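Structure, as structure tokens:
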Amino acid sequence: MALMHHGDRPMPRNARPGGFAQASDADRRSDGADGAARPTLSRMQAVEVARAVYDARRQRDRLFGEGLFADPAWDILLDTFVRTSAGRVQSVSAACIGAAAPATTALRHIALLEQAGLLERTRDPGDGRRVFLGLSEHGSRQMIRWLSMLGSDVLA
């Protein structure tokens, strides 16, 4: 699987990175571009769409060359959504790798995503030097909304 990085491990039971919020009734539908309500994909369907988008981005980079199309913030959100939805932890270092960008660039985008309220950091309870990333409840809702809009068009 393209999103798995060295050092993947299941999420510790006592660690609770964001991204596991249950969708409320209001979140179970998304507004389409035409303003009409669209059904929200299940989390598993949204994960499949996110994986496909992430993998397509990596394939595009291989075809056209790395660095031509760069969007580290989006790659971080996709990667974090998929990992945490699968019950895996997303360390800051793994997020930097998943962003396919230099570490300093990825760290800057992580900070921007935190400021936007989309990501949250959580210290590793077993190793205080390590920090995990997770989607905030808002970030998780927004990802599911966007992936639902994309997925309903792609899966139709």
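Here are the numbers for this structure:
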read-out	value
In the stretch 50-129, GluC sites (Glu not before Pro) in a DSSP loop with at most 14 other beta-carbon atoms within 10 Å	E66
Karplus-derived 3J(HN,Hα), 6.51/-1.76/1.60, for each residue of the stretch 111-121, Hz, glycine and proline x	4, 5, 5, 5, 4, 7, x, 9, 10, 10, 9
Cβ-defined net charge surrounding T80, 12 Å radius [Lys, Arg +1; Asp, Glu -1]	-1
Total formal charge among the other residues, if their Cβ is under 15 angstrom from that of Q115, Lys/Arg +1 and Asp/Glu -1	0
Rough spin-label spacing in nm, given labels placed 7 Å along Cα→Cβ, for F69 and A103	2.8 nm
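Readers should treat all values here as calculations from the given coordinates under stated rules, not as data from a laboratory. Since this is a predicted model, take the numbers as computed values, not measurements. Methodologically, a virtual Cβ is constructed for each residue, glycine included, from the backbone with ideal geometry; neighbour enumeration extends over all protein chains shown.
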